[in-house]
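Have a look at the structure below before the remarks.
The values are calculated or read from the model by the stated rules, or taken from the named source; none is laboratory data. Everything numeric in this text was worked out from a predicted model, so none of it was measured. Ideal geometry is used to build each Cβ from the backbone, glycine not excepted, and the neighbour counts take in all protein chains shown. Quick note on the areas: whole protein, heavy atoms, side chains included, nothing else; ligands and nucleic acids left out. Shrake-Rupley method; radii C 1.70, N 1.55, O 1.52, S 1.80 Å.
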Amino acid sequence: MFEPGRYHCVCCDTPLFDSTSKFDSRTGWPSFTAPLTADVVAYHLDTGHGMQRVETVCNVCDAHLGHVFPDGPPPSGLRFCINAVSLRKAK
């Protein structure tokens, strides 16, 4: 299983995700079912590269985090696919 802890925005240190919502999506990207609280992540439509996706950004500093997809496990059914370099594991 994953080591307990919280993951913060590497740019502004806002707590974004908790290890209790982390799961192995088999994509190679850190994946979570939900952010720590609903207000820490903002969403933008991303139509780049010929795709239609939902980009996730830090709601405090607007740093790019990754994307969210509707193919995650219960309870949310969401997969927050987050770039590892956008996160800092809090000690």
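On the basis of being surrounded by 15 or more Cβ atoms within 10 Å (Cβ to Cβ), out of contact with any helix residue (DSSP H, G or I) (no Cβ under 9 Å at 6 or more places or on another chain), in contact (Cβ under 8 Å) with a residue 60 or more places away in the chain and among the aromatic types (Phe, Trp, Tyr), does PHE80 make the cut? Give the steps one after another, and end with the answer.
On the way: surrounded by 15 or more Cβ atoms within 10 Å (Cβ to Cβ): yes; out of contact with any helix residue (DSSP H, G or I) (no Cβ under 9 Å at 6 or more places or on another chain): no; in contact (Cβ under 8 Å) with a residue 60 or more places away in the chain: yes; among the aromatic types (Phe, Trp, Tyr): yes.
Spelling it out, it is not the case that PHE80 is surrounded by 15 or more Cβ atoms within 10 Å (Cβ to Cβ), out of contact with any helix residue (DSSP H, G or I) (no Cβ under 9 Å at 6 or more places or on another chain), in contact (Cβ under 8 Å) with a residue 60 or more places away in the chain and among the aromatic types (Phe, Trp, Tyr).
Residues of region 48-69 being touching a strand residue (DSSP E or B) at 6+ places or on another chain (Cβ under 8 Å), open to solvent by 60 Å² or more (accessible area, probe 1.4 Å) and not in a strand (DSSP E or B), which ones?
Taking region 48-69 first, the residues touching a strand residue (DSSP E or B) at 6+ places or on another chain (Cβ under 8 Å) are 52-69.
Filter once more, so that each one left must be open to solvent by 60 Å² or more (accessible area, probe 1.4 Å): 52, 59-60, 62, 64.
The answer is GLN52, ASN59, VAL60, ASP62.
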Inset, instruction - List every residue pair whose Cβ atoms lie under 6 Å apart, where the two residues are 6 or more positions apart in sequence or sit on different chains, the first residue falls within region 6-26 and is closer than 11 Å to LEU36 by Cβ, and the second residue, located anywhere, is open to solvent by 70 Å² or more (accessible area, probe 1.4 Å). - result: HIS8/ARG88; THR14/VAL60; PRO15/ARG6; ASP18/ARG6; SER19/PHE2; SER19/PRO4
Inset, instruction - Report whether or not LEU36 is touching a residue at least 24 places away in the same chain (Cβ under 8 Å), open to solvent by 40 Å² or more (accessible area, probe 1.4 Å) and not acidic (Asp, Glu). - result: yes
Inset, instruction - Taking TYR7 as meeting all but one of (1) surrounded by 14 or more Cβ atoms within 10 Å (Cβ to Cβ); (2) more than 11 Å from the chain's Cα centre (by Cα); (3) more than 16 Å from PRO70 (Cβ to Cβ); (4) not charged (D, E, K, R), write down the number of the exception. - result: (2)
Inset, instruction - Kindly indicate whether any position in region 12-32 is surrounded by 13 or more Cβ atoms within 10 Å (Cβ to Cβ), under 10 Å from the mean Cα position of the chain (by Cα) and in a loop (DSSP other than H, G, I, E, B). - result: yes
